[in-house]
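Here the structure comes first, spelled out in structure tokens, and everything after it is commentary.
The values are calculated or read from the model by the stated rules, or taken from the named source; none is laboratory data. Owing to the predicted nature of the structure, the values given are computational and were not obtained by experimental measurement. So basically every Cβ, Gly included, is an ideal-geometry build from the backbone, and we count neighbours across all protein chains shown. Keep in mind that these areas ignore ligands, DNA and RNA; they rest on the heavy atoms of the full protein, side chains included. Shrake-Rupley method; radii C 1.70, N 1.55, O 1.52, S 1.80 Å.
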Amino acid sequence: MGKRVLIGVIITDCDVDFQGEIMRGIITQAFRSDCDIAALTPMNNFSYDSPHKNCEKNIFNLMLSDRFDGFIYDRDTLHSEEIRNYIDGLCRRSGKPVMLLDYNDHKNFETTSADDCTAFEKLTDHLIEVHGLKKIYCLTGPKDVFCARERLEGYFNSMKKHGLRYDRSCYEYGDFWHKAAEDLANKIISGELERPEGIVCGNDVSAVRLIQTLMRSGIRVPEDIAVTGYDASDAGYNCTPTVTSYCRPNFQLGAEALRRLYRIITGKICRKVPNNNGSLRLGESCGCGADKMTKSTVHRVENIYKRHESDILYRSMISDITNVDSISDFSDKLDNYTYLLYRMAHFKICLTRNYMESTQNINVKNLDFDVNDEVRIAMSKNAIKREPVTDEYFRASELLDVYSQERSYPVAYCLAPLHYNDNFFGYAALSFGKIPYCFDKIFMLWMDYVNIGLEQVRIRSVIKNALSDSQRARNIDALTGLLSRSGLENMLRERAAAAPPNSELAVITVELSDLQKMYFRCGDKKSVENITAFCSAVKECVRPDELLGVWATHLLCVITPDEERASEIYSDLKTRIRRPEFIEKVEWSMEFSVGCSMLPLSGADMLSDAVYKSGANKVGICASDTEINPQYNKLCQLRNRIIKNPELPWKINEIASNMYLSKSYLQKIYKSFFNKSIIEEMIEFRIQKAKELLSTTDLTVTEVSRQCGYSSYNYFVRQFRTFESVSPSEYREKSSSI
């Protein structure tokens, strides 16, 4: 069978009825159309800035997977403009069709919206026609949100239709949350606004807070002021009095969005799911009685949530999953608590290779995430039992193994981020099988515990490995992977114990000269690369039966039974570092010396003295043939500052003045040492910084140009094209595809 269409859904707040109904419509229509669904669902809506919360945005990097054929994007559920812009950029980079929800028009993407105008008009009609109210206020959402403007338009239409007066004081733009509702209530309580007969609110959350604030001040609802909400959420039915609301056709919105996107992707029209239009849901806040059947259903589901929440909070889940030091034990413990996932049909945990390696290495930090990272399934369970998993990794761009399997039926999974603070671990995948459903608030709390558990596994595993391997850790140099000083001493003692009496070993030292000069000229990062390359070259000169280790940052030590090896190592190393491929790699003329001394094996504890004597007894010195100018060190320091801060306004006159040199002499000696002028190198370093920003961040090209010291965007683009033969945008696109 051919590849099944895979639709990505970008949405937050899935535990809220509003988004839950949208997801139900999307999944129902997807199953009818034989499409797979992968919903990227963070646990927060990014309404406030926090390193812990912001780490969740890494889940959106999966949008760059080639598996996806298109996206449904509920942009307004994301409460951060920065995150919205980040996802907008990913949408454009993906090159896949995008369908926005609740937008009237967008310059880049297709849009689908529900008819909030007619629905809100019916809600206002109810207060006028059934309850005979005339002075009615409206509290809608933010002015820049399309559905908020639509609801306000419905209020206008109803008031006009019935010939009722309203002016600017009769309606307020709000936030679809608590503050705007409290502000409106306080204006009425204080007398700043004339008391109305009724208020229609843009959603149930606002209506509930408005009712609570009014009633605390002694204003009765509905006797003094009738209040209605919108969206028909559970919060409205758990309020006293219960809130009269409107069941917005969110199900139909999601279904219609998928149908339209499916047609764009395939060119085919799929069958509609049965219509599920909105309707009034009567409550007590307008003066009507509550629907007992609806209230009973809401309370039944709420009781299930409360029971599961109690199990999470007061049973042993958090202590069980945080008292283990391996992923396998963690999975075994977590298996006991998957029953708390209401209606769960399948659950998987996918962890990155970076996370798995971080459990073995205490030095692994900043666990980022990219679509090309490798992940493996650490736990898989269906509604009945655990499923076997392997240690095999696959690309995160594959999303889940289930999407590549041959199936006679479509599937829908919610992919939620696994992380702790700013470290990203992978993602969890939750499916409800054939039921068109999305996760609830219990899953969010459950996932918080899972994230804490994974971090504790990482910490405990590192501590365990550090304790069991502490001796080995002390014997290895972290930078080069060679034996450390203590490692050399320990290995030498082992050989001394097994060696014949009166045996001697040659202690050969290889010293890298003028390390400070290298740091000044090349910078920290490049110097570390140079040192690592030099150590690799020395390692190639050493035989398998010889010991090689790092005595100090600039000093390597070779222990061998052959005293003649000192001259051989010197000659071999000198040849290796003068090869064109080595010079091109390190971009530095290595200066080193080789010395040698003898050490009796019976005096293995005297290795420090032998190293000192070896350094004094030089066998060979390899130095640069260039005559060093007295200004050389100062120029190296200057070059290092330019490397680190190329965006600064480097001016030749000021530099020359600070160094007490003439401008012409400064330029002459700088070019003689580094083969390029100061300006040429500054431009080169700026372009290098621009390349890093373009390939590792989502900054706009304009912002990149500013951060690299360019005041003119056009000049930056021209200069970048001169160096790289492509524009900055083309470079970013090319680097993202690698």
Exercise. Where in region 568-600 are there trypsin sites (Lys or Arg not before Pro) that are in a DSSP coil and have at most 15 other Cβ atoms within 10 angstrom of their Cβ?
Worked result: R578
Problem set entry | Ordering of 230-239, 189-198 by burial proxy (mean other Cβ atoms within 10 Å per residue, highest first) | 230-239, 189-198
For this session: Pull up the DSSP beta bridges for the chain and report the antiparallel fraction as a percent, rounded to 5.
Result: 60
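Quick check: residue separation of K525 and K107 times 0.36 nm, minus the Cα distance between them. What number comes out in nm?
Length difference between fully extended and current span is 146.2 nm.
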Problem set entry | Charge tally in the Cβ shell below 14 Å around R576, where Lys, Arg are +1 and Asp, Glu are -1, R576 excluded | 0
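Pairs to check: K525/K676; K96/K441; K96/K734; K585/K676. Give those whose C-alpha atoms are more than 26 Å from each other in this structure.
As for pairs spanning more than 26 Å Cα to Cα, those are K96/K441.
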For this session: Only one of the values [x] 1.62; [y] 1.27; [z] 1.10 was calculated from this structure for Cα Rg over 2.2 N^0.38 Å; name its label.
Result: [y]
Exercise. Near the amide H of A378, under 5 Å away, which other amide H atoms are found, from residues 5 or more places off or on another chain, if H is placed in the peptide plane?
Worked result: I349, C350, L351
For this session: Determine, from the Cβ-Cβ distance of E194 and Y48 and an R0 of 35 Å, the FRET efficiency 1/(1 + (r/R0)^6), rounded to the nearest 0.05.
Result: 0.50
Problem set entry | Point-to-point label distance, E564-H162, nm (Cα→Cβ direction, 7 Å offset) | 11.0
Exercise. So for the pair I621, S664, with labels modelled 7 Å out along Cα→Cβ, what separation do we get in nm?
Worked result: 3.7
For this session: Work through the residues other than E647 whose Cβ is under 9 Å from its Cβ and net out their charges, Lys, Arg +1 and Asp, Glu -1.
Result: +3
Problem set entry | Residues whose placed amide H lies under 5 Å from that of G620, excluding near-sequence neighbours | V594
Problem set entry | Cross-link reach list, aspartates and glutamates versus K333, counting only Cα pairs under 17 Å and skipping chain neighbours closer than eight places | D311, D320, D325, E387, D448, E455
Exercise. Residue by residue through region 225-231, which ³J(HN,Hα) values in whole Hz follow from phi under the Karplus form 6.51 cos²θ - 1.76 cosθ + 1.60 (θ = phi - 60°), with glycine and proline marked x?
Worked result: 9, 7, 10, 10, x, 7, 4
Problem set entry | Length released on extending from D422 to E82, taking residue separation times 0.36 nm less the Cα-Cα span | 120.7 nm
Problem set entry | Residue-span extension gain [R706 to K671] - 0.36 nm each, minus C-alpha spacing | 9.9 nm
Exercise. Ranked from the most accessible area to the least, with a 1.4 Å probe and all protein chains present, what is the order of E82, E153?
Worked result: E82, E153
Exercise. Magnitude of the Cβ-charge dipole of the chain, K/R +1 and D/E -1, about the Cα centre, nearest 20 debye?
Worked result: 1160
Seminar exercise, completed: Spelling it out for V227: with amide H atoms placed in the peptide plane at 1.01 Å from N, the residues 5 or more places away or on another chain with amide H under 5 Å from its amide H are I199, C286
Exercise. Top to bottom by accessible area (1.4 Å), largest first, where do I87, I384 land?
Worked result: I384, I87
For this session: Work out which helices of the chain, taken as complete DSSP H runs, extend at least 20 Å along their axis over the Cα atoms and score a mean Kyte-Doolittle of 0.0 or more, then list them.
Result: 250-266, 441-468, 678-696
Seminar exercise, completed: Heads up, region 198-258 by the C-alpha gyration tensor (a ≥ b ≥ c square roots of eigenvalues; a/c under 1.5 rounded, else a/b over b/c prolate, else oblate) looks prolate
For this session: Please work out the FRET efficiency for the pair K385 and S408, using the Cβ-Cβ distance as r and a Förster radius of 22 Å; give the result to the nearest 0.05.
Result: 0.50
Exercise. Heavy-atom accessible area of L548 with all protein chains present, probe 1.4 Å, nearest 10 Å²?
Worked result: 20
Exercise. In deg cm²/dmol and to the nearest 500, what is the mean residue ellipticity at 222 nm of the chain if only DSSP H runs of at least 4 residues count, each as -39500 (n - 2.57), divided by the residue total?
Worked result: -14500 deg cm²/dmol
For this session: Note down the relative contact order for region 1-153 as a percent, whole number, built from C-alpha pairs under 8 angstrom at least six residues apart.
Result: 20
For this session: With r as the distance between the Cβ atoms of R343 and A552 and R0 = 41 Å, compute the FRET efficiency 1/(1 + (r/R0)^6) and round to 0.05.
Result: 0.05
Exercise. At a probe size of 1.4 Å, how large is the accessible area of S729, to the nearest 10 Å²?
Worked result: 70
Exercise. Which is farthest toward the positive dipole end of the chain among N382, V542, L573, measuring Cα position about the Cα centre, with Cβ charges +1 (Lys, Arg) and -1 (Asp, Glu)?
Worked result: N382
Exercise. What pairs in K57/K107; K122/K272; K135/K187 have C-alpha atoms more than 19 Å from each other?
Worked result: K57/K107; K122/K272
Problem set entry | H419, H178, H79, reordered so the largest accessible area comes first (probe 1.4 Å) | H79, H178, H419
